[in-house]
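Accompanying notes for the structure given below.
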Amino acid sequence: MATKNSKKTATKRPAKKSGPKRTNPARTKAASGNPAKVEPATARDWIAGARPRTLGLAISPVALGTAVAYYTLGYNLLLALLCLAVAVFLQIGVNFANDYSDGVRGTDAHRIDSQRSGPRRLVGSGAARPRTVLIVALVFFALGAAAGLAIVVITGLWWLLAIGVVLVLAAWAYTGGKLPYGYLGLGEIAAFLFFGLVATVGTTFVMIEQWPLEAVLAGVIAGFFAAAVMLINNVRDRETDALAGKKTLAVRIGDLPARIVAVVLLAAPYGVLAFFALIFEWAPMVYFTLLITAPTALIVITARTARELVLALQLASLAALLTGLGLAASIAF
């Protein structure tokens, strides 16, 4: 009887499943070892997932490009608004796509374990289904593409469609796809190009079909700030990214060198600003944004916690926005 009962007991035990299965690491952990139930994402979580503080990096180059166009030949308000829509929608799309891709790859599982500072990751925390976050990212990409298509129709510059395709693919490929360039240490270069030169010069070009030197240099300023913000973010996540195999620039060159490069990127815009200060009467006033940038650089060098680097991120994004808007105003007025 004992043998028979033991056999019955044995048959009731659930068999272990084998084979690869893609799961949300946070949900798996919660189910197996963490009794606390993951709260579903709230409206506040979704807004935070869009990373509103990063939107200054999209607004600044469009403002600069519009100001240069106005100074050179004149601007078109509708085109300016459409350029702004492209930049903002793509930025939000990138943020949600990054949340999705890092979540399904398991990258964010390491960040959750280490009590990552900053907004809660939707997929990585288990607060939202990966498919839902992916759909949201694709919707914003589609909105950006629609705004870009409207620009093409209005201007008749149909070859810009190719640029638009590159922009959307680059936005997705930062952390998405089989070989994301964000995992290869190329994120800062992409930020400099797309949220600096391309956004600024592109905005000027669709209005006046020229790319004057002022637009290029203004794009360099915006690009330096965008690259600095991304690098500070990667310095914050350096240890957890290394554990997850995400080889960002900060992971590749190490902590202190990455911090030094971030400070150089924060300082570089003010060297380029000298060009504008010699031409435009009010441009020297933009140097007052150093009151924000200088403390940011100090925090980047001395920070010992992720929370301090989050503060540096917030300040760097604010400095980028105020520098861009201030310089745009000095060019236009």
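Here are some notes:
- Test result for Arg304, within 19 Å of the chain's Cα centre (by Cα) and over 28 Å from Gly202 (Cβ atoms): no
- Taking each residue of region 279-297 that is surrounded by fewer than 17 Cβ atoms within 10 Å (Cβ to Cβ) and looking for partners that are not in a helix (DSSP H, G or I) with beta-carbon atoms closer than 8 Å, six or more apart or interchain, yields Trp282/Phe333.
- Taking region 186-265 as the region of interest, the helices (runs of 4 or more DSSP H) fully inside it that hold 2 or more residues being acidic (Asp, Glu) are 238-244.
- Filter result for Thr293 (at pLDDT 95 or above and among the polar types (S, T, N, Q)): yes
- Tally of residues being within 12 Å of Val206 (Cα to Cα) and touching a helix residue (DSSP H, G or I) at 6+ places or on another chain (Cβ under 6 Å) across region 74-87: 6
- Residues of region 247-278 that turn out to be touching a residue at least 12 places away in the same chain (Cβ under 8 Å) and farther than 22 Å from Asn233 by Cβ, as a count: 4
- Residue in region 234-241 that is out of contact with any His (no Cβ under 7 Å at 6 or more places or on another chain), free of Cβ contacts under 8 Å to residues at least 60 places away in the same chain and either crowded, with 24+ Cβ neighbours inside 10 Å or closer than 18 Å to Val68 by Cα (or both) present: no
- Tally, over region 149-168, of residues that are in contact (Cβ under 8 Å) with a residue 60 or more places away in the chain and among the hydrophobic types (A, V, I, L, M, F, W, C): 5
- Residues of region 232-262 that are under 13 Å from Ile301 (Cβ atoms) and not β-branched (Val, Ile, Thr): Asp255, Leu256, Pro257, Ala258, Arg259, Ala262.
- Scan of region 304-323 for residues that are free of Cβ contacts under 8 Å to residues at least 24 places away in the same chain and not charged (D, E, K, R), ordered by number: Leu311, Leu315
- Positions within region 147-185 being assigned to a loop (DSSP other than H, G, I, E, B), out of contact with any Pro (no Cβ under 9 Å at 6 or more places or on another chain) and on the phi < 0 side of the Ramachandran plot, in sequence order: Leu157, Trp158, Trp159, Thr175, Gly176, Lys178, Leu179, Pro180, Leu184
- The lone criterion from (1) touching a Cys at 6+ places or on another chain (Cβ under 6 Å); (2) more than 27 Å from Ile331 (Cα to Cα) left unmet by Thr203 is number (2).
- Residue within region 123-141 that is in contact with a Cys (Cβ under 8 Å, 6 or more places away or on another chain), modelled with pLDDT of 95 or more and either basic (Lys, Arg) or not in a loop (DSSP other than H, G, I, E, B) (or both) present: no
The values are calculated or read from the model by the stated rules, or taken from the named source; none is laboratory data. What you see is a predicted model; the values in this text were computed from it and never measured. Note that we place each Cβ from the backbone using ideal geometry, even for glycine, and neighbour counts take in every protein chain shown.
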